[in-house]
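This report refers to the structure that appears directly beneath it.
The values are calculated or read from the model by the stated rules, or taken from the named source; none is laboratory data. In this text the structure is predicted, and so the values were computed from the model without any measurement. Neighbour counts run over all protein chains shown; Cβ positions are idealised from the backbone, glycine included. To get the accessible areas, we keep the full protein, side chains included, count just its heavy atoms, and leave off ligands, DNA and RNA. Shrake-Rupley method; radii C 1.70, N 1.55, O 1.52, S 1.80 Å.
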Amino acid sequence: MSGTAIEIEGLRKAFGADEVLRGIDLTVRSGEVVCVIGPSGSGKSTLLRCVNLLEEPTGGTIRVNGDEITHPDANLDAIRIGIGMVFQQFNLFPHLTALGNVTVAQRKVLRRDKDEAARIARENLARVGLAGREDAYPARLSGGQQQRVAIARALAMDPSVMLFDEPTSALDPELVGDVLAVMRTLAEDGMTMLVVTHEMSFAREVADRVIFLDGGVVVEEGPAAQVISEPRQARTREFLARVLDPASAGAPAGTVGKEAPE
Amino acid sequence: MTASSETGQGAPAAGGLTRRQRRRLILGGEYALFLGVIVAVALLADWESLRVNFLNLDVVGDLFPEIITVGLRNTVIYTVTGFVLGLVAGLVLALMRLSSAGPYRWTAMIYIEVFRGLPALLIFIFVGVGVPLAFPGTNLPGGVYGQAALALALVSAAYMAETIRAGIEAVPRGQMEAARSLGMSRARAMRTIIIPQAFRVVIPPLTNELVLLFKDSSLALFIGVSLNERELAKFGQDLASEKGNTTPIVVAGLCYLLVTIPLGYLARRLETRQRRGQR
Ligand SMILES: Nc1ncnc2c1ncn2[C@@H]1O[C@H](COP(=O)(O)OP(=O)(O)OP(=O)(O)O)[C@@H](O)[C@H]1O
Ligand SMILES: [Mg+2]
């Protein structure tokens, strides 16, 4: 248990007859940053969503900080407190201000009193560079700011693990940097992070390890520099060639560089 | 209108008129017809008899203040209590309808199908006549007020349930997921995150439902109301027969419009504002 934050064994997930994850083994140590890359539809989001049981696995076990979240009697709500999640589409609560977004779960779930929740919310908003925007509603914030509020919202629960599902894919290119910078700082501060991303330079610089997922299995796994710069598997090389230089490859570029919804 | 075929844009048509000239001609004809009808009605109608029967100022004077202090007051009481009761029931039904437990879902679905398919009048008769027949001696709290509120709630709960359900389903799935990922239970997420957002979506349709209920409250007269329990329609009816004059019904109608038109306008305003607010 010591040193192991996430432990996934033989994880399987099928949607009807469609088996999306076909036996995944993955361990993330405390303080480690692991990036998951892979083509669209390879099951990256599903893998991440299984880790906090937003998606119920059809097989295998997942332990987070020693708690087996896949156990039938697991207290999901309690275990999820320790697992922060950041979504591609932010999923901020539009009827609450930035401060409200960051305080609501502290108050209702952790039962922190109003002042303490607000204080912790302000700290975390400042941490993601949004001091002074406490009273703004999500609709008044740019995509990059919204995503940083979402990060602050997760951090305010004092999670031991953070999951990021393509946190910058819905952002305009010029807003990506701010969000990645926050994630980089978080990594430097020792947060355990499991990150699905198409940002290869982020993966290369920040990740300790990179996992290449394709067809529901881990095709290649290793130190970031090795997997991205000198991939061993042909499928990894093919994928990276397409992602790093979309223009040269004939295949569609998948979800890379999708425009923001607004 | 004329049957001449359309030619190219701006080119003279068959009759030698440009399109603009033709349009003016048609418009002029329409105005002339309208004016003609107005003049004919003005000349042929017996204005004095109309005034005496429909807007008799002596009768109008006799209506006040009771038409407001009794009629409108009771209409408002029936509507508001029925609406609140129906809203609570509608919310419960909507949540049952969305429940993962089959029996809840089926019960709500049956209720909704049944009560959307029944005429409001039948429900009022059922509550006002049928229930007292079936259980003699039992009384709803509040007497007629309780019966009217119950009947209106029964009428409206099914509609409101469907409206609220649609509102809840309109909240993106990611909202529930974000709430759950923060450790909220499903019930907690519903209360704190989903329902407040759903209610913003359903305020305009619920305002429309309030307008419908305001009108349907007139059916309370079928419950059998005492003098002081009369709402606008019954009040208008009673005074019309008492005075042998239609004026009370007209004035009661004006009282309805005084409320329904602004409320309907408000609902449309809220609706357009909301549509614009959705980026
Ligand atoms: N709720 C669901 N029901 C049915 N099929 C699903 C569901 N969620 C995902 N899938 C399917 O599972 C497969 C993997 O989806 P997933 O979202 O995990 O891929 P991904 O690697 O995250 O892709 P992307 O890069 O496009 O986000 C896809 O074929 C998808 O259609
Ligand atoms: Mg995905």
Looking only at the stretch A:163-191, count every residue that is surrounded by 24 or more Cβ atoms within 10 Å (Cβ to Cβ) and more than 16 Å from ligand 1 (Cβ to nearest atom) and tell me the total. 2
Would you confirm whether or not the stretch A:88-97 contains a residue that is of a type outside the set (S, T, Y), within 16 Å of ligand 2 (Cβ to nearest atom), part of a loop (DSSP other than H, G, I, E, B) and away from chain B (no Cβ under 14 Å)? no
Some residue of the stretch A:80-87 being within 20 Å of A:R12 (Cβ to Cβ) and within 16 Å of ligand 2 (Cβ to nearest atom): no
Can you tell me which residue within the stretch A:23-38, out of those that are within 15 Å of A:I211 (Cα to Cα) and open to solvent by 30 Å² or more (accessible area, probe 1.4 Å), is farthest from ligand 2 (Cβ to nearest atom)? A:R29
Can you name the residue in the stretch B:227-279 that is more than 29 Å from B:L57 (Cβ to Cβ) and either among the acidic types (D, E) or within 14 Å of another protein chain (Cβ to nearest Cβ) (or both) and is also surrounded by the most Cβ atoms within 10 Å (Cβ to Cβ) among such residues? B:E271
Just the residues that are within 7 Å of chain B (Cβ to nearest Cβ) and part of a helix (DSSP H, G or I), please, taken from the stretch A:98-112. A:V104, A:A105, A:K108
Could you tell me whether A:R49 is within 14 Å of chain B (Cβ to nearest Cβ), among the charged types (D, E, K, R) and either surrounded by fewer than 19 Cβ atoms within 10 Å (Cβ to Cβ) or not in a loop (DSSP other than H, G, I, E, B) (or both)? yes
Members of the stretch A:39-76 that are within 12 Å of ligand 1 (Cβ to nearest atom) and in contact with a helix residue (DSSP H, G or I) (Cβ under 7 Å, 6 or more places away or on another chain): A:P39, A:L54, A:E55
Taking the stretch B:108-160 on its own, how many of its residues are open to solvent by less than 80 Å² (accessible area, probe 1.4 Å) and of a type outside the set (G, A, S)? 24
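Please find, among B:V171, B:V129, B:V144, the residue that is within 14 Å of chain A (Cβ to nearest Cβ), over 17 Å from the mean Cα position of the chain (by Cα) and of a type in the set (V, I, T). Break it down into steps so the answer makes sense when it comes.
Details: B:V129 fails: within 14 Å of chain A (Cβ to nearest Cβ); B:V144 fails: within 14 Å of chain A (Cβ to nearest Cβ).
B:V171 is the lone residue from the list that is within 14 Å of chain A (Cβ to nearest Cβ), over 17 Å from the mean Cα position of the chain (by Cα) and of a type in the set (V, I, T).
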Given (1) without any contact (Cβ under 8 Å) to a residue 12 or more places away in the chain; (2) buried (at least 20 other Cβ atoms within 10 Å of the Cβ); (3) within 16 Å of ligand 2 (Cβ to nearest atom), number of the condition A:G41 does not satisfy: (2)
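Can you tell which of B:M190, B:M184, B:M176, B:M160 is in contact (Cβ under 8 Å) with a residue 60 or more places away in the chain and within 14 Å of chain A (Cβ to nearest Cβ)?
B:M190
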Working only within the stretch A:52-69, note down all residues that are over 21 Å from B:P172 (Cα atoms) and either within 9 Å of chain B (Cβ to nearest Cβ) or surrounded by fewer than 19 Cβ atoms within 10 Å (Cβ to Cβ) (or both). A:T58, A:G59, A:G60, A:T61, A:N65, A:G66, A:D67, A:E68
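Would you be able to say whether some residue in the stretch A:165-182 is out of contact with any Pro (no Cβ under 8 Å at 6 or more places or on another chain) and in a strand (DSSP E or B)?
The first filter runs over the stretch A:165-182 and keeps only residues out of contact with any Pro (no Cβ under 8 Å at 6 or more places or on another chain), leaving A:165-169, A:171-178, A:180-182.
Then drop every residue that is not in a strand (DSSP E or B), which leaves A:165.
Yes, the stretch A:165-182 contains at least one residue that is out of contact with any Pro (no Cβ under 8 Å at 6 or more places or on another chain) and in a strand (DSSP E or B).
Being open to solvent by less than 10 Å² (accessible area, probe 1.4 Å) and within 14 Å of another protein chain (Cβ to nearest Cβ) is the requirement here; does B:A198 meet it?
Values: open to solvent by less than 10 Å² (accessible area, probe 1.4 Å): yes; within 14 Å of another protein chain (Cβ to nearest Cβ): yes.
In short, yes.
Consider B:L27 carefully, then state whether it is at pLDDT 90 or above and not in a loop (DSSP other than H, G, I, E, B). First the steps, then the outcome.
Numbers: at pLDDT 90 or above: yes; not in a loop (DSSP other than H, G, I, E, B): yes.
For B:L27, the condition - at pLDDT 90 or above and not in a loop (DSSP other than H, G, I, E, B) - is met.
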Keeping to the stretch A:113-157, report how many residues are part of a loop (DSSP other than H, G, I, E, B) and over 16 Å from A:F90 (Cα atoms). 8
Filter the stretch A:70-87 down to residues that are in a loop (DSSP other than H, G, I, E, B) and under 16 Å from A:M162 (Cβ atoms) and give me whichever is nearest to the other protein chains (Cβ to nearest Cβ). A:F87
Could you please find all residues in the stretch A:183-195 being within 15 Å of A:C35 (Cβ to Cβ) and not in a strand (DSSP E or B)? A:M183, A:R184, A:L186, A:A187, A:M191
